[in-house]
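The values are calculated or read from the model by the stated rules, or taken from the named source; none is laboratory data. Bear in mind the structure is a predicted one, so any value in this text is a computation, not a measurement. Glycine also receives a Cβ, built like all others from the backbone with ideal geometry; neighbour counts cover every protein chain displayed.
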Ligand code: HGY
Ligand code: MN
Ligand code: MN
């Protein structure tokens with residue numbers, strides 16, 4: 001098999017070009033799913049793919065598929081996917097690197113006139129982040145049969161706008177049934193979003209799987225009252241209750257360290273007026289761990305904390321687990337292709353488990369799947385300062401190309 005090379009400069013220029021769609025003053029991207037900015041980047045992506053002669057299809061939850069034929073159209077496509085939506089204070093590389101490196105692979109195959117055995121597809125998964133519509137990885141979850149399309153379309157953002165209405169509004173509610181399209185494999189290139197690869201001076205992460213994730217929503221109800229006239233003993237202060245529960249969420253994760261993490265990232269305090277005792281607080285909890293039974297323990301401790309802390313404060317509450325993504329193991333054969341690909345490209349590689357969730361977690365249920373990581377500076381991500389170098393992006397794209405061609409060679413043999 002020839003030693004096909006990607007064009008590193010073209011990849012970098014494309015990353016910087018798309019980073020302008022939703023660019024923030026601090027050098028990041030705010031491109032929430034199904035907003036006008038998401039439409040803009042989708043339109044751009046579709047035009048780039050069509051310019052290469054790829055056929056672009058969209059399914060009922062907005063997942064985009066750009067397809068290059070292979071010698072044998074009977075073979076299910078080899079997919080390279082990730083996401084173009086971002087966090088509100090996202091970086092230039094989370095998700096974008098995976099989709100745009102896949103575009104670079106397609107451009108390189110096109111330039112070199114190289115025909116693969118199997119068709120090759122780029123996938124842009126809708127709503128990977130879950131920042132606007134919870135849960136995360138929603139549309140890849142529909143594709144994998146984890147969620148129904150109706151469930152996804154009904155999900156509402158904090159302003160009450162639904163996924164379905166916004167998908168329709170931006171013109172990306174496709175006709176294809178999600179999950180009807182079959183893959184021989186899916187490879188996802190992504191930044192590590194953690195500090196390990198950089199700390200070890202390792203260019204490539206050979207991802208073995210993804211840890212388990214659980215999301216909860218909690219609403220605490222007390223009583224709005226005057227801050228000047230209400231004695232401390234008579235208050236029903238929802239924000240005080242929330243503060244003590246939030247502290248306990250952190251302690252629960254620390255009790256299961258080093259592998260557990262626990263975070264309260266979203267909080268709404270009502271009425272949020274400086275001289276009103278808060279009568280209602282809404283917040284979210286994000287628990288993660290590689291083992292389900294530890295997540296069960298953490299969940300039980302959270303529920304005990306809610307009862308134990310809030311009842312003595314005369315506070316009522318509602319709690320619901322809105323999402324559970326179990327730990328995932330990736331496909332050994334694809335992991336082997338990534339190892340061979342990294343060696344062929346001459347990069348040091350190490351095995352790693354993903355702390356972050358990715359669409360690959362769900363696609364792995366319906367097709368052999370694996371991921372490739374490259375470092376990001378300081379392991380910082382979900383932050384406008386997220387930074388991955390020219391060389392790291394190029395290394396990831398080269399290993400992606402090599403891994404896809406290695407798997408394609410096996411399919412054809
Ligand atoms: O939450 C996650 O881990 C991913 O970034 N959506
Ligand atoms: Mn991501
Ligand atoms: Mn992310």
Applying the selection to the range 377-405, what residues are outside any loop (DSSP other than H, G, I, E, B), at negative phi and surrounded by fewer than 21 Cβ atoms within 10 Å (Cβ to Cβ)? 377, 390, 391
Residue set 408, 351; condition closer than 24 Å to residue 195 by Cβ and either modelled with pLDDT under 95 or not in a loop (DSSP other than H, G, I, E, B) (or both); output residue 351
Any residue at all in the range 274-290 that's within 25 Å of residue 158 (Cα to Cα), touching a residue at least 60 places away in the same chain (Cβ under 8 Å), within 16 Å of ligand 2 (Cβ to nearest atom) and buried (at least 18 other Cβ atoms within 10 Å of the Cβ)? yes
Among 103, 75, 54, 34, which is within 16 Å of ligand 1 (Cβ to nearest atom), modelled with pLDDT of 95 or more and in contact with a helix residue (DSSP H, G or I) (Cβ under 9 Å, 6 or more places away or on another chain)? 34
Answer yes or no: is there a residue in the range 178-188 that is surrounded by 22 or more Cβ atoms within 10 Å (Cβ to Cβ) and within 15 Å of ligand 1 (Cβ to nearest atom). yes
Taking the range 49-89 and keeping residues away from ligand 3 (no atom under 16 Å from the Cβ), more than 19 Å from residue 185 (Cβ to Cβ), under 24 Å from the mean Cα position of the chain (by Cα) and surrounded by fewer than 20 Cβ atoms within 10 Å (Cβ to Cβ) leaves 56
For the structure I just gave you, tell me whether residue 141 is farther than 30 Å from residue 312 by Cα, surrounded by 20 or more Cβ atoms within 10 Å (Cβ to Cβ) and in contact with a helix residue (DSSP H, G or I) (Cβ under 9 Å, 6 or more places away or on another chain). yes
